[in-house]
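Down below is the structure, laid out as structure tokens.
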Amino acid sequence: MKFLFFLSLTASLLFGCNTTKPITSLDQVISVTHGTNFGHCRGYCRKEVVFTEGQTEYIESSVDSAKNPVKVENFKNTSNWKSITDKINWEKFSNLQESYGCPDCADGGSEYIEIKTASGTKRVTIEFGKDLVELEPLLTELRNQRKKLGK
């Protein structure tokens, strides 16, 4: 009898204490966008790199799309998707504010990270070129991936 009690207690401890949060399909990252914007410039003031598992897309756009049409470049398998997604702490990222500092004040520019999952999209915007501890190491990885593209 003691043996059965000990066996059931051991089994409940082994299988009943799963403390890891399972990744659901709603947490699945669909895309990660790293962009910059300068509101008071002429020409191509907004630049984005959209990373997905299969490709990377680089987009330049302007306030005046007639004079400066949208430019799009696609790159196949140029980004290391896993190195980007491994640096995402979704729980931490989803709890961040929408904006930090004074993005694009006095045309200083803004920089943002936008993560799209099956459950929704979250964007965090900071001052251009500034660091934010809460976005690390993802911000550094996105900047490095962008440099590899020469953008």
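Structure summary
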| item | result |
| --- | --- |
| Alpha carbon centroid spacing (whole Å) that separates segment 26-42 from segment 66-131 | 4 |
| In segment 59-108, GluC sites (Glu not before Pro) in a DSSP loop with at most 15 other beta-carbon atoms within 10 Å | Glu98 |
| Restricting segment 51-90 to trypsin sites (Lys or Arg not before Pro) in coil, as DSSP defines it, with at most 13 other Cβ within 10 Å | Lys67 |
| Per-residue HN-Hα couplings for segment 106-115 [Karplus 6.51, -1.76, 1.60; θ = phi - 60°; Hz; x = Gly/Pro] | 6, 6, x, x, 10, 9, 9, 10, 10, 10 |
| Whole-number percent relative contact order across segment 24-149, with pairs defined as alpha carbons under 8 Å at least 6 apart | 27 |
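Every number here is computed from the coordinates shown, using simple stated rules; none is lab data. Source: prediction; values computed, not measured. Note that each Cβ is placed from the backbone with ideal geometry, even for glycine, and that neighbours are counted across all protein chains shown.
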